[in-house]
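Structure first, then comments.
The values are calculated or read from the model by the stated rules, or taken from the named source; none is laboratory data. Worth saying up front: this structure is predicted, and the values here are computed from it rather than measured. Methodologically, a virtual Cβ is constructed for each residue, glycine included, from the backbone with ideal geometry; neighbour enumeration extends over all protein chains shown. Remember, those area values only see protein heavy atoms, side chains included, never the ligands or the DNA or RNA. Shrake-Rupley method; radii C 1.70, N 1.55, O 1.52, S 1.80 Å.
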Amino acid sequence: MRNFTSLLFAGGLGFFLLVLAADLPVGAAPMVAGEGILGQGPEAVGAANLVTAVVLAYRGIDTLGELSILFAAAAGVGLILSGMRRRADQRPDPEGGFILLAAADLLFPLLVIVGLYIVLHGHLTPGGGFQGGVILAAAFFLPLLGRPGDSLNHAVVNWVEGLAGGAFVLIGLWALAVKGDFLAPMLGKGALGSLFSAGTLPLLYIAVGLKVGAEIAGLMSTLQETEAAEP
Amino acid sequence: MYWITVLVVAIMILSALAVLLLPNLLAAVAASSVVSLALSVVFVIIRAPDVAMTEAAVGAGLSGVILVLALRRLGLWGLGDDNHPRPGDSLQGSGDDA
Amino acid sequence: MTLPPLEIVLYTGAVSLLIIGLAGLVMGDNLVRLVLALAVAEAGVNLLLVLSGFRQGAFAPILLEGRVPGPMVDPIPQALVLTAIVIGVGVQALALALVLRVRRAYGTVEMRTLRARLHEDLDAAAGLPPETSRNAPAVERPA
């Protein structure tokens, strides 16, 4: 009975949403702010990837808010799991086999290079601090998957995270002091499409990448160090 | 392009149903990774390469790892210490794999 | 037979993901499966948001060699969804940490068992004998 009412609810909601979707301007959605950004974005910001221009320049303060949400989530995970740390006498997961251990050693440098490349080229090609940061976190977590007894150095992770977050805010305040707008692009735009272009955007994306990477690596390491429940 | 889109959307919806209906939680986590992977292909089709990269890295990779780790810590997924050979064991006694 | 346009297929996919996720949230009994259903619903919402900026025949919002290749799709929903996906995984990890806590405190992740044990604890805290507080009239019925 409960399942039937739930299905009825979900079906009704689906019908409602489809009716709403039928009213949407399919095919030629009107762009209000997007048109302006597409028109003047390349000259005003200097980034070839306009999504990066929106993320870091036009909506930079949103990104700062997003980083604080991520920080709150990571801190919450640490707080909730703080009392469930695996004790020294408890057995960790068994060590990975030869394939996992060899692949972890082999892939670690490659993943770090790929992550840094994606972070550094965020203003030119698809990618950026969020994607690259996640790949960096995966690179640092992969050895832990093979050797569950080890753990990341949480002090270093916290320092990287704090310094990166501070750098993001400091660059924003610097722009506020010089140009009068928080996170306004600075340092000259350079040639469109070259690595050293778009002013402070690559610096901001490096800060975002380090912060996201440190947060997610710390989060996964905390989960890894949690004791297993008795079945 | 049209039929590729239809195929990918169908895969996405079917694996979303599999997330809810599969009795094994580990299989459900794998199905949710398939949803994310198909979704990242859809994002490429609708000209959003940045979002596609994020979805592929976060949804298909990272979120699967976090979910599987949590399953392991919840005791819902055993590594089968007795039934399967551990990495240090020799493979001689395991019987029927010849 | 005319085929529905591409947008209709994509909108159907997005709405279906949202509905499947919500149905799982309402009907699910296992806390881990609720987290999974939340992820599916979130994927549907992300697709719906990005679709709102999609136009057929337009290019991705990236300049090729410094030139505008033609009409481009709206970059703002893409930027919003980019951050939403990363927030989503943080929220998912937080939810899983809470599930781990629940598993440790009550020894189960099934909602029905959990509710029964929660009520037992509440009854014990209120000083009521177990199994009498619920499903029974508050006062004796007159004969």
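Here are some notes:
- Among the residues of region C:29-82, those identified as polar (S, T, N, Q) and more than 26 Å from A:Asn3 (Cβ to Cβ) are C:Asn46, C:Ser52, C:Gln56, C:Gln78.
- Here is the figure for region C:28-75: residues that are open to solvent by 20 Å² or more (accessible area, probe 1.4 Å), touching a Gly at 6+ places or on another chain (Cβ under 9 Å) and assigned to a helix (DSSP H, G or I) total 6.
- Some residue of region A:41-48 being loosely packed, with under 13 Cβ neighbours inside 10 Å and either at pLDDT below 80 or under 30 Å from A:Ala214 (Cα atoms) (or both): yes
- Elements of type helices (runs of 4 or more DSSP H) contained in region A:41-152, each with 3 or more residues being within 7 Å of another protein chain (Cβ to nearest Cβ): A:60-80, A:129-146
Okay, residues lined up against (1) surrounded by fewer than 17 Cβ atoms within 10 Å (Cβ to Cβ); (2) within 14 Å of chain A (Cβ to nearest Cβ); (3) out of contact with any Phe, Trp or Tyr (no Cβ under 8 Å at 6 or more places or on another chain); (4) at pLDDT below 90:
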residue	(1), (2), (3), (4)
B:Met12	no, no, yes, no
B:Ala31	no, no, yes, no
B:Val35	no, no, yes, no
B:Val42	no, no, yes, no
B:Arg47	no, yes, no, yes
B:Leu74	no, yes, yes, yes
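- Some residue of region C:76-83 being more than 23 Å from B:Ala38 (Cβ to Cβ), open to solvent by 10 Å² or more (accessible area, probe 1.4 Å) and free of Cβ contacts under 8 Å to residues at least 24 places away in the same chain: yes
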